[in-house]
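*Asks:* Quick one: the structure is below, questions incoming.
The values are calculated or read from the model by the stated rules, or taken from the named source; none is laboratory data. The structure displayed is predicted, hence computed values, not measured ones. All Cβ positions, even for glycine, are placed from backbone atoms using ideal geometry, and neighbour counts span all protein chains on display. Areas reflect the complete protein model, heavy atoms only, side chains present, ligands, DNA and RNA absent. Shrake-Rupley method; radii C 1.70, N 1.55, O 1.52, S 1.80 Å.
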Amino acid sequence: QVQLVESGGGLVQAGDSLRLSCTVSGQKILWWYSMGWLRQAPGKEREFVACISRSGLRTLYSDSAKDRFTISRDNAENTVYLEMNTLRLEDTAVYYCAAGTDISSLPEPYEEWGQGTQVTVSS
């Protein structure tokens, strides 16, 4: 059993920055997993944002996130971060933290999910 808890979402204006956090707890701790951030906007399917390998040496980003978002992890603190800069209206979504055995840009391989945190970007 593992629990993922996201935090850091909120209401911001276009162009602002926001940092999301995901804390992992339970029988398996963070270093066991590759981690991803995915998001789901109203009426849309869940989509990949970024992921990071267990060691932190490999990362993948969606085209939308590339050059604006940065994923990182602190295994000692059992926390994964998503630093989001230059936020756009289309970044509005519920952001989910997910854990899996390897990095993936697809939602299906992720085994554990958090409850999500809302990010709303206004003009």
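*Asks:* What number of residues in segment 89-123 are within 11 Å of G36 (Cα to Cα), outside any strand (DSSP E or B) and in contact with a Ser or Thr (Cβ under 6 Å, 6 or more places away or on another chain)?
*Replies:* 2
*Asks:* Within segment 67-113, restricting attention to residues that are buried (at least 21 other Cβ atoms within 10 Å of the Cβ) and closer than 14 Å to R46 by Cα, which residue is modelled with the lowest pLDDT?
*Replies:* Y110
*Asks:* While we're looking at this one, here's another question. So Y33 ticks every box in (1) without any contact (Cβ under 8 Å) to a residue 40 or more places away in the chain; (2) in contact with a Lys or Arg (Cβ under 9 Å, 6 or more places away or on another chain); (3) open to solvent by less than 70 Å² (accessible area, probe 1.4 Å) but one. Which box is left unticked?
*Replies:* (1)
*Asks:* When only residues in segment 1-21 that are outside any strand (DSSP E or B) and open to solvent by 40 Å² or more (accessible area, probe 1.4 Å) count, which is farthest from V49 (Cα to Cα)?
*Replies:* Applying the filter and picking the extreme gives Q1.
Matching residues to (1) closer than 16 Å to Q115 by Cα; (2) part of a strand (DSSP E or B):
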position: T23; (1), (2): yes, yes
position: W37; (1), (2): yes, yes
position: P42; (1), (2): yes, no
position: G56; (1), (2): no, no
position: K66; (1), (2): no, no
position: R73; (1), (2): no, yes
position: A76; (1), (2): no, no
position: V80; (1), (2): yes, yes
position: E83; (1), (2): no, yes
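*Asks:* Looking only at residues that are charged (D, E, K, R) and assigned to a loop (DSSP other than H, G, I, E, B) in segment 44-54, which one is most open to solvent (accessible area, probe 1.4 Å)?
*Replies:* Residue satisfying both the conditions and the ranking: E45.
*Asks:* Now for a separate question. Could you give me the residue pairs with C-beta distances under 6 Å whose first residue belongs to segment 109-123 and is within 23 Å of N85 (Cα to Cα), whose second residue is in a loop (DSSP other than H, G, I, E, B) wherever it lies, and which are 6+ apart or on separate chains?
*Replies:* So the pair list comes out as T117/G9; Q118/G9; V119/G9; T120/T92; V121/A14; V121/L87; V121/T92; S123/A14.
*Asks:* What are the residues in segment 53-92 that are farther than 21 Å from G26 by Cβ, of a type in the set (S, T, Y) and out of contact with any Phe, Trp or Tyr (no Cβ under 6 Å at 6 or more places or on another chain), if any?
*Replies:* T59, Y61, S64, T70, T86, T92
*Asks:* For segment 25-35, what are the residues that are over 15 Å from I71 (Cβ atoms) and part of a loop (DSSP other than H, G, I, E, B)?
*Replies:* Across segment 25-35, the qualifying residues are Q27, K28, I29.
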